[in-house]
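Just below is one structure, and these are the notes that go with it.
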Amino acid sequence: MSPIWLFITILVLAAVGFVLGRQRAIASVDDHRNLHSRPNYYGVNVAMLAFGPAVLVLGAWLVIQPIIVNQMVSKLIPARSYEDAGALNLIMSDVQRVAEGLGTAVAEGTLTQAGSRTLDTETSDVRALLGTVGVALGSEVKPEVLKAAQRYRAAAATGAWIMTGAVLLLAVAGFTVAYAQTNGRLRARNRVETGMLWLLIAAATVAILTTIGIVLSLLFNTIEFFRAYPGREFFTSLEWAPSFSGRGGGSKLGIIPLLWGTFYISIVALLVAVPIGLFAAVYLSEYASKRVRAVAKPLLEVLAGIPTIVYGLFALLTVGPLLLTIFGDSGFGWMSGGRAVMTAGITMGVMLIPFVSSLSDDIINAVPQAMRDGSYALGATQSETMRQVILPAALPGIVGAILLAASRAIGETMIVVLGAGAAARLSLNPFDAMTTVTAKIVSQLTGDSDFASPEALVAFALGMSLFLVTLALNVGALYIVRKYREQYE
Amino acid sequence: MKDNNIEGRLLVDQRDLKFKARDVQVYYGDNHAIKDVSVDILDKTVTAFIGPSGCGKSTFLRCLNRMNDTIPICRVEGDIQLDGEDINAPEVDPVQLRARVGMVFQKPNPFPKSIYDNIAYGPRIHGLARNKAELDEIVEQSLRRGALWDEVKDRLQEPGTGLSGGQQQRLCIARAVATHPEVLLMDEPCSALDPIATAQVEELIDELRQNFSVVIVTHSMQQAARVSQKTAFFHLGNLVEYDDTDTIFTNPQDPRTESYITGRIG
C-alpha cells in the first residue's frame, strides 16, 4: 500500500474510532452527565491512540527506509569502480534511476514482475528498454548497477510491505486498546490533554531543530571553506575579487569590503528610518486625533507589506536617477552612476520606517497614562511630557525596535542588488557604488557553481558571519529590553 | 439646600478663600457627571471630598486644575475661581495653572528616573532654580516636606520606582510640593497603601496644611475625620452637604449624609 493510502486508511480508522469511542462512552452510563469527561473527549482519545503512534511510525519509516536500503545496496557496488564518496553517490543515483525505470516498465507492461528480476545486461539492452518507458540514461547500464537496482527494488518492496503491516497493526492495536478502555470512569479528558501537550512539545521541537539544522549546515560548509581558503585572508584582506576562470586560481576573498558596504548602507538606512519613524510614532500616538490615526496608521503599515523587490525597482528607477540629477555630473559631481550607497540606503530607510514607527507607537502607547497625568499635573506641556517622561520610559523598547530594524537592514538583499551595484569597494563616499554581504552571497551561488570551490563555499562563510552579526544584534536588543523593562511596571 | 449651606454659613472670610466654585457642571459625552456643584475651599485647610464610588468627587477634583482637559469627551461648565480669577478663562494657560495647583494620584506614579530627577522635574521645566546648588536645595527641601529625606538622602540617584509603595507616594507628594503650588489636590492618595504607609501619608498631609490648601478625595470616612477640617459629601453628582468635618460626622443636616456615614448607602 502506498504511504498516501496508508495515511488515509489510518485517518479513516481514527474517524471511525472517534464515533465509536464516543458512542461507547455514552452507552456505558445511564446519564451522560455521569461521565468523567465530555463525550467528545472519549472519541478523541480513541482517535488519538489509533492515529498518533501509527502516523509517527509511518513518518519515521519513510525517512529511515531509504537510508537503510541505500546502505545495503551500496555494498553491492565493488569498491574498485569508484574513487571517493562523491563518485559512489553518482553511481547510487544511477542505481535509483534504473530501479525507478524498472518499476515504470513493469507498471506499463513492458516487463513482467519476474522478468524485471531476471533481467541481465548480457542478454538484453537495458538502456534501450528503459528508454522506451521514458528513463533516459547517459551510458550503458553496467551489470553491477543493474544488479544493485534489482536488489534495491526488492528491498524497497519488502520494506513497504513490512511498513504497511506495522502501521496498520499499530493503528488497529491503538484503536482496540483505547476502545476497550473506554467507560464512564476513564479520564479521557486528561489523556487528550496529555496528547495535546506532546503535540505542542513536538511543534516547539521542530522549530528549534530547524534552527540548529540551519546553523549546522552553514557551519559544516564554512569549515569546508576554511580548509580551501586561509581564514586570515578572509577576515583581513581588503580586497574582494573572486576569479571565475577555474578552480582556486588567484581569488581574493576578503570580507571587509563587503562588511563595510553592509554597515554603510545599513547606517544610511537607519539615519533615514529612525528619525522619520520615531517622529511619526510620536505624532500618531500622542498628537493625532482618533480619525487621523485610524487612517494614517494602516497607511503607514502598508509600506511594510510592499515586497522588497518593489523597493528595489523604486531605488533603480526613481531614487537613483533623482539623486543623480542632484549629485551627479550635472549637479555636485560626486556621483557617477545611479547605483550608490545613498540610493540603496534611502530606499531601505523608507522600507524600515513602518518597522520603527509601528513598534515605537505600540511602545509609547504602553507607557501608562499615570506617567502622563503625573507630568501634566506638575504643569508640564505635552511636548515636555513627551521628551522628558514618555520617551525615556519607552526608550528600551524603542532601542529594541531600532535594533530589530537594523538586523532587517543588514539582511536585506534585493534593494542592494538593484540599488547599490555589485562592486565591492572600500570607500567613504556615500555616492559610490558598493555592495553588501547578502548581495555577494547571491552572486556567488547563482549560475553554474561548483560547490567544492572556495568561490562558492565562501557564500556559506559570508552567511555564517552575517548570521553571527545579526544574532549579536538581536541578543543585544533582547538584553536592553529585558534590563530596562521593569522600570514602569 | 445648596444655598443655605454655602452662601449662608461658609463664607467665613474672603481673604482665606482659595477656590470659589459656582454651579459647576461636568459632562462626559452625554453623561451629566457633576450637577450644580458650588463650593468654597479655604487656604491652609484640609478639605475632604467623600461619597460613594462614581459620585463625581474625583471628577470635580480634576476640574480644579483642569486635568479634565486631557480627556477629549469631557466638558466643564460653570465658574471656578482661584484667588478671584476664573481658571477656565481663555487667557489662562492650563499648564501654568497646574504648576499652582499640584496633584497627587491614587496610585503612586513616580517617573522612571532617579529620585533626584523625579523631584527636580517640575522645578526644571518651570525654571525655578538658577543653578545646581539651588536645585539641590529645592530637592532637599521638598523631600523633607514629603517626610522622605532621611530615608533616601544617601540614594538620590537610584530609581524612584525602586522605593516601597508608601515611599513612592511620599515621593509623588514631594514632587508635587517641589513646584511650590498653592493648592495640593489628592485623589485617594492612600488607597494603594498599607496601614503604616497610610498613617505616614496622613501625618504628612497634616503637616502640609501649614503651607498649602489641601483637597483630598477619600473613600475612608475615618481618614476624612482624621485629616480634614472641612468635609464635602457628594452623591450622584450632587454636592449634598458641605460643612466643618466635626459637624458632618456628628450632626449631619441631610438624611443622605447621615445614611452614608452610618454605612447605609455607598
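With the largest listed first and rounded to whole Å, the semi-axes of the equivalent ellipsoid of chain B from the Cα gyration tensor are 31, 21, 17.
Relative contact order of chain A: 16 percent, from C-alpha pairs under 8 Å at least 6 residues apart in sequence. Taking a ≥ b ≥ c as the square roots of the eigenvalues of the Cα gyration tensor of the range B:15-61, is the shape rounded (a/c under 1.5), prolate (a/b larger than b/c) or oblate? In terms of gyration-tensor shape, oblate.
Span-like helix criteria (full DSSP H runs; alpha carbon extent of at least 24 Å along the helix axis; mean Kyte-Doolittle hydropathy of at least 1.0) are satisfied in chain B by no helix.
Based on alpha-carbon centroids, what's the gap between the range B:108-125 and the range A:205-265 in Å, whole number please? Taking the Cα centre of each part, the range B:108-125 and the range A:205-265 sit 51 Å apart. Note on the range A:267-374: Cα Rg divided by 2.2 N^0.38 Å, N the number of residues, gives 1.31.
Is it possible to state the helix-based mean residue ellipticity at 222 nm for chain B, with each DSSP H run of 4+ residues giving -39500 (n - 2.57), the sum divided by total residues, to the nearest 500 deg cm²/dmol? What is it?
The per-residue figure over chain B is -9500 deg cm²/dmol.
Ranked from largest, the principal axis spans of the Cα set of the range A:252-488 equal 67, 43, 29 Å. Placing +1 on the Cβ of every Lys and Arg and -1 on the Cβ of every Asp and Glu, with nothing else charged, gives chain B a dipole about its Cα centre of roughly 520 debye. Dipole of the range A:3-186 computed with +1 at Lys/Arg Cβ and -1 at Asp/Glu Cβ about the Cα centre; of A:Y41, A:L13, A:L169, farthest Cα towards the positive end is A:Y41. Of the residues A:V475, A:A128, A:W260, the one whose Cα sits farthest toward the positive end of the charge dipole of chain A, with +1 on the Cβ of Lys and Arg and -1 on the Cβ of Asp and Glu, is A:V475. Dipole check for the range A:112-249: with +1 at the C-beta of Lys and Arg, -1 at the C-beta of Asp and Glu, and the Cα centre as origin, the magnitude is about 720 Debye. Restricting the range A:209-241 to GluC sites (Glu not before Pro) that sit in a DSSP loop and have at most 11 other Cβ atoms within 10 Å of their own Cβ leaves nothing. Peptide A:390-399 shows a mean partner chain C-beta count of 1 within 10 Å per residue C-beta.
Helical content of chain A, expressed as a calculated mean residue ellipticity at 222 nm, amounts to -24000 deg cm²/dmol (DSSP H runs of 4 or more residues, -39,500 (n - 2.57) each, divided by residue number, nearest 500). Positive-end ranking of A:A394, A:G419, A:S383 along the dipole of the range A:368-440, with charges on Cβ about the Cα centre, is headed by A:G419.
Within chain A, the whole DSSP H helices whose Cα atoms reach 18 Å or more along their own axis and whose mean Kyte-Doolittle score is at least 0.5 are A:3-27, A:39-74, A:85-108, A:143-181, A:188-228, A:256-282, A:341-366, A:391-411, A:454-485. With Cα atoms defining each centre, the range B:24-101 and the range B:188-266 are spaced 18 Å apart in the structure.
Going by the alpha-carbon gyration tensor, a ≥ b ≥ c the square roots of its eigenvalues, is chain A rounded (a/c under 1.5) or, if a/c is not under 1.5, prolate (a/b greater than b/c) versus oblate?
oblate
Here, the range A:338-465 yields an orientationally averaged convex hull projection of 10.5 nm² when only Cα atoms define the hull. Ranked from largest, the principal axis spans of the Cα set of the range A:1-73 equal 61, 19, 12 Å.
Prolate is the label for the range A:3-186. Its Cα gyration tensor axes, ordered a ≥ b ≥ c, give a/c of at least 1.5 and a/b above b/c.
Readers should treat all values here as calculations from the given coordinates under stated rules, not as data from a laboratory. Remember, it's a predicted structure, so these values are computed and weren't measured experimentally. All Cβ positions, glycine included, derive from the backbone under ideal geometry; neighbour counts span all protein chains shown.
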